[in-house]
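Notes follow once the structure below has been shown.
FYI, it's all coordinate maths here, none of it is from the lab. Values in this document were obtained by computation on a predicted structure and should not be read as measured data. Here the Cβ is made from the backbone with ideal geometry for all residues, glycine too, and neighbour counts use every protein chain on show.
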């Protein structure tokens with residue numbers, strides 16, 4: 001960056017020295033990508049975003065890692081090799097079992113010693129569905145050709161998301177809006193407050209009109225957005 005703007009000359013120099021360029025959140029700036037992203041959410045209820053990755057010949061951007069969302073990879077130019085391993089953790093999320101939060105130094109040596117469970121040389125015009133949590137090690141094998149691919153990161157909804165919607169309705173009940181005294185938080189009575197709240201929550205959940213709530217949840221799925229940086 002130079003004066004808050006991307007410096008094309010520096011970017012070119014980095015690319016020529018083997019660095020991958022990532023163009024993030026294309027759905028925000030390219031109308032056709034906006035249309036595709038919107039279509040995915042309309043059809044699935046899943047928020048999503050689109051990144052482009054430009055990798056120079058014989059180079060690699062990110063090494064072995066897993067993502068916290070499903071990805072659809074679309075190769076648009078060149079060839080990129082994808083080495084893929086089964087998930088080391090179950091159903092990772094950003095808040096739980098994210099790659100860097102639970103990373104072990106012996107992961108990569110173990111994976112490389114065992115070899116990938118699947119290896120794909122993705123060519124221009126081909127696509128790859130990468131489920132959430134699967135380890136991948138993408139790189140360009142060709143020493144003469146660049147690689148360009150799009151990643152549609154699809155933020156699948158989970159039962160935890162539904163639970164948040166169920167609990168969110170509790171704000172309409174004054175019982176859930178009252179003050180908890182500082183002494184109740186710092187003292188032994190906290191257990192009692194937790195018990196009271198759990199009992200109140202059970203009552204709240206049992207009284208919900210699920211048909212009405214389902215309609216609201218469908219609307220939320222169609223409009224709620226979750227992007228990465």
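Want the number for residue 212 to residue 32: 0.36 nm per residue separation, take away the alpha-carbon distance, what's left?
Length gained, residue 212 through residue 32: 61.4 nm.
With N denoting the number of residues in segment 160-223, provide Rg(C-alpha) divided by 2.2 N^0.38 Å, to two decimal places.
1.35
So what's the back-of-envelope 222 nm ellipticity for the chain, counting only DSSP H runs of four-plus at -39500 (n - 2.57) apiece and dividing by all residues, rounded to 500?
Counting only the DSSP helices, I get -10500 deg cm²/dmol.
Quick one: order 80, 165 by neighbouring beta-carbon count within 10 Å, fewest to most.
165, 80
Quick one: Cα centre-to-centre distance for segment 54-81 and segment 175-229, in angstrom?
Here the answer is 40 Å between Cα centres.
Using a Gaussian network model of the chain whose springs link C-alpha atoms within less than 10 Å, name the residue from 106, 184, 117 with the highest mean-square fluctuation.
Between 106, 184, 117, it is 184 that shows the largest mean-square fluctuation.
Take the alpha carbon gyration tensor of segment 35-119, find the square roots of its eigenvalues, order them as a ≥ b ≥ c, and report rounded if a/c is under 1.5; if not, report prolate when a/b exceeds b/c, else oblate.
oblate
Report, to the nearest 10°, how far helix 31-44 tilts away from the longest principal axis of the Cα atoms in the chain, using its own Cα long axis and a range of 0 to 90°.
Taking the Cα atoms of the chain, the angle to 31-44 is about 50 degrees.
Please check: in the Gaussian network model of the chain (C-alpha springs, under 10 Å), which one of 174, 159, 109 has the largest mean-square fluctuation.
Among 174, 159, 109, the largest GNM mean-square fluctuation belongs to 174.
Output needed for the chain: three equivalent-ellipsoid semi-axes, defined as square roots of 5 times the C-alpha gyration tensor eigenvalues, in descending order, whole Å.
Semi-axes, largest first: 42, 22, 19 Å.
Once Rh is set to the Kirkwood radius over Cα pairs, what Stokes-Einstein translational diffusion coefficient, in µm²/s, holds for segment 71-206 at a temperature of 25 °C and a viscosity of 0.890 mPa s?
In µm²/s, the coefficient rounds to 127.
How would you rank 151, 158, going from fewest to most other Cβ atoms within 10 Å of each one's own Cβ?
So the ranking, lowest neighbour count to highest, is 158, 151.
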